[in-house]
Number of protein chains: 2
Amino acid sequence: MLWGLRPLEPKAAHGLAVDLLQRQIHSGLLLPDERLPAERQLSDQFGISRVTLREALRVLETNRYISVRRGAQGGAFVSDADRLGQMARRRIARAPAASMRVVEYLVVNQSAAARFAALRRGPADLKKMREALALMRDAPDAARRKQAETLFLLAVADSAQNPLLSRGVEDAIAELFLPFETAPEDGSVTAALAAYQALLAALEAESPGDADRAMEMVNARFWGAIRQITRSAA
Amino acid sequence: MLWGLRPLEPKAAHGLAVDLLQRQIHSGLLLPDERLPAERQLSDQFGISRVTLREALRVLETNRYISVRRGAQGGAFVSDADRLGQMARRRIARAPAASMRVVEYLVVNQSAAARFAALRRGPADLKKMREALALMRDAPDAARRKQAETLFLLAVADSAQNPLLSRGVEDAIAELFLPFETAPEDGSVTAALAAYQALLAALEAESPGDADRAMEMVNARFWGAIRQITRSAA
DNA sequence: TGCCTTTGGTCTAGTTTCCGATCCATGAAG
DNA sequence: CTTCATGGATCGGAAACTAGACCAAAGGCA
């Protein structure tokens, strides 16, 4: 017997490009106001035609993720930090339960990744984490901090050497779309740095237990961010 | 900066159909020797044309997942239990490390699902689990037992009320493709029944701790199956 | 000022994939 | 030996995608 038959939903090529770029904006890898590569170059990297890529850019522009300008110094530019932050908050406030489920999934897989990473991380993995931590420390603004945070967490997930876990963490981070900073005034920045530093130390020491506990602090920050947004929206 | 740019890989409609049917065979939901619906009916359910569906069937036939016969009582038939079992064992023996990573991911998410399910399961969820357990008990052969097992685990995952967790468990089970039974002679059947019964009891009692422990027994069986196959292949 | 270069905007022709429909071939049941 | 549900094959058209050429804007620079 066949179970749970739904109509198939083939994803068009331009839809894949939209998803990929949107995910990078959500996760913070693409910075606000950043300029994307030229259409001809980007379509080449994606392996799709320029016409198809332009369809994708049109969708992103319609959804206010980017704005496109013509001319010699033109191109497609990621929206500014204010707009992105507003979109992120709205998205969470509109369906808080959904965001909490995403965090739930993220916490489960990120914790597991941390435990495995403590046993499997290589020198290259640790190097990537240290670099991300340095970026976080020297970041001039919240957007750069979020970018470094994502880079760090993806490096941890990768070093668990489990493709499914990596994909899960990546998916959850991209799906979440947290705003850049929930409370710029308080000591959350130094607290975050301390948590990531503890995590890195645990992975360097090959201690799964410590890594798990350090990741708990990181994950607690995600819960806090969601809670704060849903409260301020009420 | 854009990170990790790879060429996009648009999935053709027939490819989606292949994946869907293959996953159902892997997870045991589609039984050996079972006959699929007629092409006209199946293409309608998938929302694709008959020509496109036939492309998918051709791929599955080439990969020995099904065989197609013409005539009044013809149709597409899932391969027999021997062939499927052999394919499953080969798949695991060829890349044991990959299968272990899948089990790893399955264990992480299935354990989490069990804990959440203990708190969130509704009467409909429990009913589905009881029905699956009855199917398992009365199953005339190993294929039916595996089918009931999958139904039970999917019901548990669903009752955790977390779409990402559900999808994760589903993906892992479909990716695993375990053979029907690793040791038909010993008491593994009654042991499995006991494990699932304990899991059901924990969920009925709304006890996350007990559910976690019961799921551990279930997951231990998955590890055992992988271990046995990789040992016998060596 | 006026050209040059880089970039997005537009158009056309051709290919691939998919669809809808029709008709043919097979083979078991009655 | 007829019936008929099923797979097998073919055709015309629609939609998505590609490749390439050319136009239009706008900043930089002599």
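What is the distance, in nm, between label points placed 7 Å from the Cα along the Cα-to-Cβ direction at B:ALA93 and at B:ARG137?
Each label point lies 7 Å from its Cα, and together they span 3.7 nm.
Given +1 on the Cβ of Lys and Arg, -1 on the Cβ of Asp and Glu, and no further charges, what dipole in debye does chain B carry about its Cα centre, rounded to the nearest 20?
620
Tell me the relative contact order for chain A as a rounded percent, counting alpha carbon contacts under 8 Å between residues six or more apart.
It rounds to 24 percent for chain A.
Could you work out Rg/(2.2 N^0.38 Å) for chain B, with Rg from alpha carbons only?
Relative to the 2.2 N^0.38 Å estimate, chain B comes out at 1.08.
To the nearest whole number, what is the average tally of beta carbon atoms from other chains within 10 Å of the beta carbons of peptide A:160-168?
Average per residue, whole number: 5.
Report, as an integer, the average count of C-beta atoms from other chains found within 10 Å of each Cβ along A:32-44.
The mean count of partner-chain Cβ atoms within 10 Å per residue comes to 1.
What number, in nm² with one decimal, is the all-direction average of the projected area of the convex hull of the alpha-carbon atoms of the protein assembly as shown?
25.1
Between copies, how close do the A:ARG70 label points come, placed 7 Å along Cα→Cβ, listed in nm from shortest?
Between copies, matching label points for A:ARG70 lie 5.9 nm apart.
How big is the Rg/Rh ratio for region A:13-79, C-alpha atoms only, Rh by Kirkwood, two decimals?
Radius of gyration over Kirkwood radius for region A:13-79 works out to 0.92.
Against the longest alpha carbon principal axis of chain B, how many degrees, from 0 to 90 and to the nearest 10, is the axis of helix B:81-94 turned?
Computed tilt is about 80 degrees.
So what's the net charge close to A:PRO37: Lys and Arg +1, Asp and Glu -1, counting the other residues with Cβ under 14 Å from its Cβ?
Spelling it out: positives minus negatives among the neighbours equals +1.
One decimal, nm, shortest first: give the distances between the label point of B:ALA220 and those of the same position in the other copies, each label point 7 Å from Cα along Cα→Cβ.
Once sorted, the set of distances for B:ALA220 reads 3.3 nm.
What's the angle, to the nearest 10 degrees (0 to 90), between helix A:123-138's Cα axis and the longest principal axis of chain A?
80
Round to the nearest 0.05 the FRET efficiency obtained for A:TRP223 and A:ARG64 when R0 = 25 Å and r is the Cβ-Cβ distance.
Efficiency for this residue pair is about 0.35.
Against the longest principal axis of chain A, how steep is helix A:50-62, in degrees 0 to 90 to the nearest 10, with axes from Cα atoms?
Tilt of helix A:50-62: around 70 degrees.
Find the centroid of the Cα atoms in region B:186-234 and in region A:41-94, then give the distance between the two in whole Å.
48
Considering only A:ALA117, A:LEU57, A:VAL169, whose Cα is most displaced toward the positive end of the charge dipole of chain A, charges sitting on Cβ of Lys, Arg (+1) and Asp, Glu (-1)?
Result: A:LEU57, furthest along the dipole toward the positive end.
Would you mind listing the distances between the B:LEU119 label point and the same position in each other copy? Use 7 Å along Cα-to-C-beta, nm, one decimal, shortest first.
2.7
Report the gain in length on full extension from A:SER188 to A:GLU39: 0.36 nm times residue separation, minus Cα-Cα distance, nm rounded to one decimal.
Once the chain is fully extended between A:SER188 and A:GLU39, it gains 49.8 nm.
Once Rh is set to the Kirkwood radius over Cα pairs, what Stokes-Einstein translational diffusion coefficient, in µm²/s, holds for region A:89-144 at a temperature of 4 °C and a viscosity of 1.567 mPa s?
93
Read the figures in this text as sums done on the coordinates, not as results from a lab. Given the structure is predicted, the values throughout are model-derived calculations rather than measurements. Positions of Cβ are backbone-derived with ideal geometry, glycine not excepted, and every protein chain shown enters the neighbour counts.
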